[in-house]
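These notes are about the structure you will find just below.
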Amino acid sequence: MVECSLCGREAVVELNYNGFSLCEGCFVRQFERRVRKALRLAGFFKRGARVLVGVSGGKDSAALLSVLAKFNSRVGAVLLPVLVDEGIDGYRNKARVTAEKLCASLDLELNVYSFRDLFGFGLDEVEGLDSARDACAFCGVWRRWVLNKAAVDLHADAVVVGHNADDVGQSFLMNLLRNSSSVLSRSGLESGGVKGLFVPRFKPLAFNLERESAIYCFLRDIPFYLGGCPYYAGFRVGIKDFLNEVEGVYPGSKFALSKASFEVQKALPSDKRRVFKCSKCGFSSSSDVCMACSLRDEVGVLFKKG
Amino acid sequence: MFVFVKSGERRKRVVVKAGALAGSVVKLSEVGVLKVNGKVAHPKKVLKEGDVVEFVRVVYGG
Ligand SMILES: [Zn+2]
Ligand SMILES: [Zn+2]
């Protein structure tokens, strides 16, 4: 039997990045301690606060919602789980069943916002169009827009998403490779809110690895959907595979990269670009029409052509 | 002795030396989690005859 590096009980997890082996209890405590640290830095998780939790049915958001629900017995915030249904048959409909099961087990009501209801089409229809962009390019922008819309509808004070240290590192590297310094300056633990236009967004899992979310769910018997999105493609996938390989050879690289992301973000002058109100949807935008609305227009033209 | 290597719904019977370690039976990587008999397990866990070893892929894209 391998002993836990902290308490001597039987270890069930080996952490390559620091050489520690942990038992079930010590791993769960470590995971939760890191979430608590992120929440403390963010500062929004308080009595009475309305917190929208982006839930997908996958491991990260399942871990996030479960940890928040556990902490919330002492905090007394209002948790509002929201699932964005992009209209991907055979994937999101299955994940949704798992998300509903999770919410029911936590005595929370799941709010569902679907592309088909809001836009009149789902991602399956968009995938069939003759567009130069891949489905992920549309989906990411629209998901973000829908979560913000849900946050405004539900009078949320904050939005939390299940982005982990892997996601933070991937985004950092992608932005470096694209030389997007203005995005880098906005890529910390928090995306700042703009009153009435954008509800602030936080990443409480940013100090845990993606793999650790899965382990946490397995250890606590938290239901999550294991399948992957059929449209998952593009730059991020390449970066993700690359970082997984690097981590395999040089353990600790992912944490180093996500830390570097936060350090660089702090050091950069804050993004002072003017925030506009989108003339179509009324939410925040970097120009007269927001990205979500202009992509909807783009798709509208393609639908007419097809 | 023998153990089972589980992959999805399939199980394959594999002959291993007595005292074999769980992590030596499947290929470990950053994209998944090791389980023995359905529970998260340390790669240096010593296997017993009939144990079911599984590497659950939890990271997608690649
Ligand atoms: Zn321990
Ligand atoms: Zn708009």
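The values are calculated or read from the model by the stated rules, or taken from the named source; none is laboratory data. The model shown is predicted, which means the values in this text are computed figures rather than measured ones. All Cβ positions, even for glycine, are placed from backbone atoms using ideal geometry, and neighbour counts span all protein chains on display. Note: areas computed on protein heavy atoms with side chains; ligands, DNA, RNA excluded. Shrake-Rupley method; radii C 1.70, N 1.55, O 1.52, S 1.80 Å.
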For B:Lys6, the aspartates and glutamates lying under 17 Å Cα to Cα, once residues fewer than eight places off in the same chain are dropped, come out as B:Glu49, B:Asp51, B:Glu54
Pairs of Cα atoms under 8 Å, at least six residues apart: use those to get the relative contact order of region B:2-57, whole percent.
44 percent
Inter-chain shielding metric for A:236-249, i.e. average beta-carbon neighbours from other chains within 10 angstrom, reads 3
Residue among A:Val75, A:Val249, A:Val35 with the largest mean-square fluctuation in a Gaussian network model of chain A, springs linking Cα atoms under 10 Å
A:Val249
Gain in length, A:Asn93 to A:Val75, computed as 0.36 nm per residue apart minus the alpha-carbon separation, to one decimal in nm?
3.3 nm
Just to confirm the number: angle between the C-alpha axis of helix A:291-305 and the first principal axis of chain A, 0 to 90 degrees, nearest 10?
60 degrees
Rounded to the nearest 5, what % of the DSSP beta bridges within the protein assembly as shown are antiparallel ones?
55 percent
Can you pull out the GluC sites (Glu not before Pro) in chain B whose DSSP state is coil and whose Cβ has at most 15 other Cβ atoms within 10 Å?
B:Glu9, B:Glu49
Angle, helix A:135-153 long axis vs. longest principal axis of chain A, Cα atoms, 0 to 90°, nearest 10?
90 degrees
Heavy atoms of A:Val84: accessible area, 1.4 Å probe, square angstrom to 10:
0 Å²
Dipole magnitude of the protein assembly as shown about its Cα centre (Cβ charges: Lys, Arg +1; Asp, Glu -1), debye to nearest 20
760 debye
Indicate the gyration tensor shape class of region B:2-57 (rounded, prolate or oblate), computed on the Cα atoms with a ≥ b ≥ c the square roots of the eigenvalues: a/c under 1.5 is rounded; otherwise a/b larger than b/c is prolate and the rest oblate.
oblate
Per GNM of chain A with C-alpha springs under 10 angstrom, the most fluctuating residue out of A:Arg178, A:Arg236, A:Arg96 is A:Arg178
Inter-chain shielding metric for B:33-46, i.e. average beta-carbon neighbours from other chains within 10 angstrom, reads 5
So A:Arg50 and A:Ser286, fully extended at 0.36 nm per residue minus their Cα-Cα distance, gain in nm 82.3 nm
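Only loop residues by DSSP count here, and only those with at most 16 other Cβ atoms within 10 Å; note down the GluC sites (Glu not before Pro) in region A:106-156 that meet that.
Qualifying residues, ordered by number: A:Glu109.
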Length-normalised contact order for region A:157-306 - Cα pairs under 8 Å, 6+ apart - percent:
29 percent
Restricting to Cα pairs under 8 Å and 6 or more apart, the percent relative contact order of chain A works out to 20 percent
Shielding of B:51-59 by partner chains, average beta-carbon count, 10 Å:
3
Any idea how far the Cα center of chain B sits from the one of region A:267-306, in Å?
48 Å
Per-residue ellipticity at 222 nm attributable to helices in chain A (runs of n ≥ 4 DSSP H, -39500 (n - 2.57) apiece, nearest 500 deg cm²/dmol) works out to -15500 deg cm²/dmol
Quick check: residue separation of A:Arg133 and A:Lys305 times 0.36 nm, minus the Cα distance between them. What number comes out in nm?
60.3 nm
For labels at A:Glu298 and A:Ser270 in the simple 7 Å Cα→Cβ model, what's the distance in nm?
3.0 nm
Hits among lysines - C-alpha to C-alpha of A:Lys37 under 18 Å, sequence gap 8 or more where chains match:
A:Lys46, A:Lys70, A:Lys203, A:Lys259, A:Lys266
If you fit an axis through the alpha-carbon atoms of helix A:59-75 and take the longest principal axis of the Cα set of chain A, what angle between them do you get, 0 to 90°, nearest 10?
70 degrees
Using alpha-carbon positions, the gyration tensor of region A:216-306 gives root eigenvalues a ≥ b ≥ c; with a/c under 1.5 called rounded, otherwise prolate if a/b exceeds b/c, else oblate, the class is oblate
Under 1.5 on a/c is rounded, so check that first for region A:26-273, then, if it is not, pick prolate when a/b is larger than b/c and oblate when it is not; a ≥ b ≥ c are the square roots of the alpha carbon gyration tensor eigenvalues.
rounded
With only helices counted (DSSP H, runs n ≥ 4, each -39500 (n - 2.57)), the per-residue ellipticity at 222 nm for chain B, to the nearest 500, works out to -1000 deg cm²/dmol
